[in-house]
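The values are calculated or read from the model by the stated rules, or taken from the named source; none is laboratory data. Everything numeric in this text was worked out from a predicted model, so none of it was measured. Using ideal geometry, Cβ is built from the backbone for each residue, glycine included, and neighbour counts are taken over all protein chains shown.
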Amino acid sequence: MQKALTIDPGKCTGCKQCEMACSYVNEGEFNVSKSRIRVFDFHEEARFVPYTCTQCDEAWCQQACPVNAITTNEMGVKVVHDNLCVGCKVCTIACPFGTVNYNASTGKVIKCDLCGGDPACAAACPTDAITFQDVEQGGFDKMRQWAARTTAGTEPSGPNAPA
Amino acid sequence: MYHVILGAGPAGVTAAETIRKHAPDAEITLIGGEGEPPYSRMAIPYLLEGKIGEDGTHLRQEDGHYETLGIAYRHGPVISVDTGARSVTCADGSTLGFDTLLIATGATPIRPPIEGLDSPGVHTCWTLEDARRITEHAQKGEPVVLVGAGFIGCIILESLAKMGVDLTVVERGDRMVPRMLDETAGNMLRHWCEGQDVRVITEAEVDAIRSGDRAALAVHLKDGQTLPAALVVIATGVRSNIGFLDGSGIETGAGVKVDPYHETNVPGIYAAGDVAEGINLSTGHNDMLAIQPVAVEHAYIAALNMCGIATEHRGSLNMNVLDTLGLISSSFGTWEGVEGGDRAVLTDEAAGRYIRLEFEGDRLIGAQTVGLTDHVGMLRGLIQTGLPLGAWKNKLIDSPTRIAEAYVAVMQQGPVSGYTGPKVALPA
């Protein structure tokens, strides 16, 4: 069974421990600008929203990569292969969710890969705003439906989803 | 069904794989125009600067990828299409019949009418073969003249500069990348390049390339200047490879004409990628959008239709991202704006930062950025969904850096229960 990150912004207190944990585990430093997950702070509404890659079924980033440097692993996770990534950044503009970022210090792109199956953000979250759950329990289908719903109401979810 | 695909670039390869996914028993032949494994032209600049080897340019990395998928890959190029007999003829005289055909033959560099363009040491930068020749000539410290500072020219600029040559860029327009960035952003790129010892000459045209005394070649500009060059690289635009369709009855303009299903006027014959005039999402009209993500979108839609899965294309968004010696710029959609629309601008040239957002009503329709890399894809998301920004429009006009916040806030509107991730309108 596939697992996915489930995010409940209502439980987020904005402590940003997820960002610190992500940066430390993936970059070896506490530099939240290199975190794959971001917490957006809507202070006018006193609301915090953690935000990261949802591992699209048929991913825009993967389709846009000219050198096959983004592949899908057995868990359905879209993974960047640093040895193949040339740093062209096309995936960063192709991902309409904005969850692939360029890392100038390595010349490669970075995105959430669920830390290989044990996401540090979920482990670090003290309020269960970010949990790592079986997809059926995580409302994954609901998420897909949401992704499919659009202003026009008819478009499929993903660059490659047939009508 | 027998599917034949002309062209082994991103569009051709994506189409072949998509057909295989939806039609396990179909016969598929992919015909390449060059004697190379299917590769990515986009990777060539990185090959030049030594970031990857030739293997790294290949579109698919696994050994036996095409054989495993039952995709026959053969060398062409195809020189003619017989729509009556439903067959294609290759340069070696062999013919192949087809049930459905995909034209994904891409584009070729334009060779401007310049005296001496055929001299040794003058190259386009388009194929792996071009890359091999440029690598031979682009020796450290040698004078190199790059003709054209459009999008492709600017990507080549970066690799030539990294190869350590003494570089001069000659551009006909009034700024760098005039079709991707406005004057402010284009000039930021120029000043950045000049700060890194790349000479940039705009509003200049090459008159002739002759043998020189200070270097092997001398590039003569129309204004009388002469530039020494050990190597001249031509990047003055591309045109669709449609010449082989002359007399076939397949309708062409600047590229192959297609309907929203990417089918040409001849039933069962489709076109995708740089060769096709697909729908531009921003205008609703058919247009040439010669970029990798669009090629892949076209190919996917054409392939589904070739398999009998009727799929209409809503249109592709024009977008580009460029790294010019470390200064990163991007543009999306109708970046030049529309009459009566509103605009948000942030300019900080000293910090190498520029954001220009264009609105129509309270929707984002275009954007360009310099120095922005975080969450830059959200600009695509906002433009492509056309979601109303509501109060966020004015917040963006006040502070354009709040793009990511605006995106997350707008995407969160609507019914919320359980998962609260982004909702995005995606093209078919």
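Number of residues in the stretch B:305-322 that are crowded, with 22+ Cβ neighbours inside 10 Å and within 7 Å of another protein chain (Cβ to nearest Cβ) equals 2.
Per-residue answers, yes or no, for (1) modelled with pLDDT under 95; (2) acidic (Asp, Glu):
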site	(1), (2)
B:3	no, no
B:8	no, no
B:15	no, no
B:24	no, no
B:44	no, no
B:47	no, no
B:50	yes, no
B:54	no, yes
B:69	no, no
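Within the stretch B:52-88, the set of residues being in contact with a strand residue (DSSP E or B) (Cβ under 9 Å, 6 or more places away or on another chain), at positive phi and exposed (fewer than 15 other Cβ atoms within 10 Å of the Cβ) comprises just one member, B:70. Does residue B:249 satisfy being among the small types (Gly, Ala, Ser), surrounded by fewer than 24 Cβ atoms within 10 Å (Cβ to Cβ), in contact (Cβ under 8 Å) with a residue 24 or more places away in the chain and more than 13 Å from chain A (Cβ to nearest Cβ)? Yes.
For (1) on the phi > 0 side of the Ramachandran plot; (2) in contact with a helix residue (DSSP H, G or I) (Cβ under 8 Å, 6 or more places away or on another chain), each residue gets a yes or a no:
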residue: B:306; (1), (2): no, yes
residue: B:317; (1), (2): no, yes
residue: B:330; (1), (2): no, yes
residue: B:337; (1), (2): yes, no
residue: B:341; (1), (2): no, no
residue: B:351; (1), (2): no, no
residue: B:369; (1), (2): no, yes
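Of the strands (runs of 3 or more DSSP E) that lie entirely inside the stretch A:1-107, those containing 2 or more residues that are assigned by TED's automatic domain parsing to the domain that holds residue A:117 span A:3-7, A:38-42, A:47-51. Per the listing B:124, B:105, B:57, the residue uniquely within 26 Å of the chain's Cα centre (by Cα), within 23 Å of residue B:10 (Cβ to Cβ) and within 13 Å of chain A (Cβ to nearest Cβ) is B:57. With respect to residue A:70, is the statement that it is under 30 Å from residue B:38 (Cβ atoms) and among the aliphatic types (A, V, I, L, M) true? Spelling it out, residue A:70 is indeed under 30 Å from residue B:38 (Cβ atoms) and among the aliphatic types (A, V, I, L, M). Checking each residue in the stretch B:161-200 for being farther than 30 Å from residue B:344 by Cα and among the β-branched types (Val, Ile, Thr) picks out B:165, B:168, B:169, B:170, B:198.
Out of all the residues in the stretch B:26-51, which are among the aliphatic types (A, V, I, L, M) and crowded, with 20+ Cβ neighbours inside 10 Å? Answer for the stretch B:26-51, where residues must be among the aliphatic types (A, V, I, L, M) and crowded, with 20+ Cβ neighbours inside 10 Å: B:28, B:30, B:31, B:42, B:43, B:44, B:47, B:48.
Regarding residue B:194, is this residue surrounded by fewer than 15 Cβ atoms within 10 Å (Cβ to Cβ) and modelled with pLDDT of 95 or more? When the stated conditions are applied, residue B:194 passes them. Check whether at least one residue in the stretch B:216-227 is under 16 Å from residue B:45 (Cβ atoms), out of contact with any Cys (no Cβ under 7 Å at 6 or more places or on another chain) and not in a strand (DSSP E or B), and report yes or no. No, every residue in the stretch B:216-227 fails to be under 16 Å from residue B:45 (Cβ atoms), out of contact with any Cys (no Cβ under 7 Å at 6 or more places or on another chain) and not in a strand (DSSP E or B). Hey, any hits in the stretch B:64-71 for a residue that's under 26 Å from the mean Cα position of the chain (by Cα) and of a type in the set (Phe, Trp, Tyr)? So far as the stretch B:64-71 goes, yes, one or more of its residues are under 26 Å from the mean Cα position of the chain (by Cα) and of a type in the set (Phe, Trp, Tyr).
Scanning the stretch B:89-123 for residues that are in a strand (DSSP E or B) and either hydrophobic (A, V, I, L, M, F, W, C) or out of contact with any strand residue (DSSP E or B) (no Cβ under 9 Å at 6 or more places or on another chain) (or both) yields B:90, B:96, B:101, B:102, B:103, B:107, B:122.
Quick check on this structure: which one of B:208, B:235 is farther than 21 Å from residue B:5 by Cβ and touching an Asp or Glu at 6+ places or on another chain (Cβ under 6 Å)? None of the other options fit; the residue is B:208.
Taking the stretch A:27-38 as the range and being out of contact with any helix residue (DSSP H, G or I) (no Cβ under 6 Å at 6 or more places or on another chain) and either within 11 Å of chain B (Cβ to nearest Cβ) or buried (at least 17 other Cβ atoms within 10 Å of the Cβ) (or both) as the test, the residues that pass are A:33, A:38. Going through the stretch B:286-304 one residue at a time, which ones are touching a strand residue (DSSP E or B) at 6+ places or on another chain (Cβ under 7 Å) and either closer than 30 Å to residue B:196 by Cα or more than 10 Å from chain A (Cβ to nearest Cβ) (or both)? Passing the criteria: B:286, B:287, B:288, B:289, B:290, B:291, B:298, B:302. Tell me, which helices (runs of 4 or more DSSP H) lie completely within the stretch B:372-428 with 2 or more residues that are modelled with pLDDT of 90 or more and within 19 Å of residue A:50 (Cβ to Cβ)? Those helices (runs of 4 or more DSSP H) span B:377-385, B:403-411. Scanning the stretch A:92-108 for residues that are of a type outside the set (Val, Ile, Thr) and more than 8 Å from chain B (Cβ to nearest Cβ), we see that the one that is farthest from residue B:297 (Cα to Cα) is A:105. Scanning the stretch B:129-147 for residues being over 18 Å from residue B:158 (Cβ atoms) and under 24 Å from the mean Cα position of the chain (by Cα) gives a total of 3. Selection of the stretch B:252-261 for residues being buried (at least 24 other Cβ atoms within 10 Å of the Cβ) and closer than 29 Å to residue B:360 by Cα yields only B:258.
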